[in-house]
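Worksheet: one structure, shown below.
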Amino acid sequence: MSKEMDDLKAAVAEETTVTESVVVLLTDISKRLNDAVASGDTEAIKAVTAEITASKDKLAAAVLANTPAAKVEPPVEPAPAP
């Protein structure tokens, strides 16, 4: 059971690292966007918007690639009326 526990601990640590990385990314993007808006710098706003789109697309692709497909159950036919 030690190997299973070690694997579980490693998986939890990896998930925590990924989550913390996303939080840092979003915090940084939010700050830069707020700074750009406050200064009226439309080019900076466009750049941050493009980065948000790129980050969102990468994150969505990673989630999709690492999420098991949902099991689709066939619809249940209602019983005929007596």
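Which condition number does residue 29 fail, the rest of (1) touching a Leu at 6+ places or on another chain (Cβ under 9 Å); (2) in contact (Cβ under 8 Å) with a residue 24 or more places away in the chain being met?
(1)
Of all residues being loosely packed, with under 12 Cβ neighbours inside 10 Å and acidic (Asp, Glu) in region 17-45, which is modelled with the highest pLDDT? Just the residue, please.
43
How about region 1-16: which of its residues are at pLDDT 80 or above and either among the β-branched types (Val, Ile, Thr) or loosely packed, with under 10 Cβ neighbours inside 10 Å (or both)?
Correct list: 2, 3, 4.
Of all residues being under 30 Å from residue 15 (Cα atoms) and of a type in the set (D, E, K, R) in region 46-72, which is surrounded by the most Cβ atoms within 10 Å (Cβ to Cβ)? Just the residue, please.
Here is the first cut: in region 46-72, the residues under 30 Å from residue 15 (Cα atoms) are 47-72.
Still in the list and also of a type in the set (D, E, K, R): 51, 56-58, 71.
Details: 51: 15, 56: 10, 57: 10, 58: 10, 71: 5.
So, considering only residues that are under 30 Å from residue 15 (Cα atoms) and of a type in the set (D, E, K, R), the one surrounded by the most Cβ atoms within 10 Å (Cβ to Cβ) is 51.
The values are calculated or read from the model by the stated rules, or taken from the named source; none is laboratory data. Please read these numbers as outputs of a predicted model, since none were measured by experiment. Note that each Cβ is placed from the backbone with ideal geometry, even for glycine, and that neighbours are counted across all protein chains shown.
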